[in-house]
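Heads up, the thing below is written out as C-alpha cells.
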Amino acid sequence: MIDCQDVVKRYRGLVAVDGVSVRVASGICALLGPNGAGKSILLGLLSGLITPDGGEITIAGVRLARSSFQVKQKIGVLPENLGLFDALTVKEHLELVGPIYGLGKGETGQRTDALLALFDLERSRNTFAGQCSHGMRKKLSLAMALLHNPRVLLLDEPFEGIDPTSVQSIQYLLTKIALRGVTVLLTSHLLPTIEQLTSQIVVLQQGRVVWSSANQGSGQSLRKQYFDRVEKPLLEDLPWLGH
C-alpha cells in the first residue's frame with residue numbers, strides 16, 4: 001500500500017533523505033529515529049506535501065509523480081505543523097474537510113460528532129483552534145485526517161502531547177482499522193508504545209534506513225535494537241544537582 005524506492009530529498013546542499021526505500025504492504029508501521037533523522041520530511045514526501053529530488057513513490061497502487069491528486073484523495077495526513085486555522089472552530093475544521101472529499105452535509109455531520117466524541121472534543125466543538133491546547137489541536141488534526149475514511153494514514157507523532165486516555169483510544173482505533181485494511185505509517189519516540197502497537201518498524205538516522213524489522217528482525221527488544229544501532233543514552237550524573 002506504501003512503496004518508496006530510493007527516495008532522495010536535498011536542502012541547500014544537505015541530504016535530508018538519502019536513498020530511502022520502505023515498503024509497507026499492510027498494518028501499522030513506525031518510523032523511528034533521533035531528532036533530525038528525516039522522519040517528518042519522509043512523511044511529507046509520501047503525502048505529496050514535499051517534492052522529492054529522486055526516487056519513486058507509490059501509494060495505494062498510484063504513482064505519486066503521475067497523479068498526486070488521486071493519491072491525496074486516498075490518504076489522511078497528520079502533519080508536523082498540524083495544518084489548522086486559528087480563526088476556525090473545532091467543528092468548522094471538520095465541516096470544511098468533508099465536502100473537499102465529496103461527503104454530504106449529513107454524513108460529514110455524523111462523522112464529525114463521532115470523532116469529537118472519540119477524542120473528547122465534544123465540549124470544545126465551538127472553540128477556536130487558536131484557543132485550543134496543543135493536545136486538543138493535535139486531536140483535531142487527527143480527526144480531520146480520519147474524516148474521509150482514507151486507505152492510508154501518514155501520522156507525524158500522533159501520541160506525543162496527548163492525554164493517556166486519548167492515547168489509548170487512538171491506539172485501539174488504529175489497531176481496528178488496520179485489521180480492516182487501512183495502512184498506517186507513523187512516527188514516534190515512544191518505544192514501548194511502538195513495540196506493542198506496530199507490525200513493522202523502520203529506523204532512520206541521518207536520512208538513511210539503518211534498521212528494519214522487515215528484513216533484520218531478531219528476538220531482541222526494540223529498546224536494545226534502537227540503542228545499539230542508533231544512539232546510546234548518555235548516563236551521566238551531575239553531582240551538583242540535588243545538593
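Things to note:
- For the stretch 193-207, backbone phi angles converted through the Karplus equation (6.51, -1.76, 1.60; θ = phi - 60°) give residue-by-residue couplings of 5, 5, 4, 7, 8, 9, 9, 8, 9, 10, 10, 9, 8, 6, x Hz, Gly and Pro being listed as x.
- Measuring between alpha carbons in the structure, the pairs from LYS138/LYS176; LYS9/LYS224; LYS9/LYS139; LYS105/LYS138 lying more than 22 angstrom apart are LYS9/LYS224; LYS9/LYS139; LYS105/LYS138.
- For the stretch 3-41 and the stretch 141-161, distance of Cα centres in Å: 18 Å
- Near GLY130, once Lys and Arg are set to +1 and Asp and Glu to -1 for all other residues with Cβ below 14 Å from its Cβ, the sum equals -1.
- Once backbone amide H atoms are built at 1.01 Å from N, LEU78 has LEU154, LEU155, ASP156 as its partners under 5 Å, excluding neighbours fewer than 5 places away on the same chain.
- Expected 222 nm ellipticity per residue - DSSP helices of 4 or more, -39500 (n - 2.57), all of the chain, to 500: -10500 deg cm²/dmol
- Amide hydrogen proximity for ILE50: with H placed 1.01 Å from N in the peptide plane, the residues at 5 or more positions away or on another chain lying under 5 Å are LEU45.
- GNM flexibility winner over the chain from LEU179, LEU42, LEU121 (Cα, springs under 10 Å): LEU179
- Net charge of neighbours whose Cβ lies under 15 Å from the Cβ of LEU42, counting Lys and Arg as +1 and Asp and Glu as -1: -3
- Calculated semi-axes √(5λ) of the Cα gyration tensor in Å (choose from [x] 26, 22, 19; [y] 30, 24, 17; [z] 32, 20, 18), label: [y]
- Close amide H pairs (under 5 Å, H built 1.01 Å from N) link VAL209 with SER21, residues at least 5 positions away or on another chain.
- J(HN,Hα) series, the stretch 81-97, from Karplus relation 6.51 cos²θ - 1.76 cosθ + 1.60, nearest Hz, glycine and proline x: 8, 6, x, 9, 10, 4, 8, 9, 7, 4, 4, 5, 4, 6, 5, 6, 6
- J(HN,Hα) series, the stretch 118-128, from Karplus relation 6.51 cos²θ - 1.76 cosθ + 1.60, nearest Hz, glycine and proline x: 4, 9, 6, 10, 4, 6, 9, 4, 9, 8, 5
Every number in this text was worked out from the coordinates using simple rules, so none of it is lab data. Owing to the predicted nature of the structure, the values given are computational and were not obtained by experimental measurement. Note: ideal-geometry Cβ built from the backbone for every residue, glycine included; neighbour counts use all protein chains shown.
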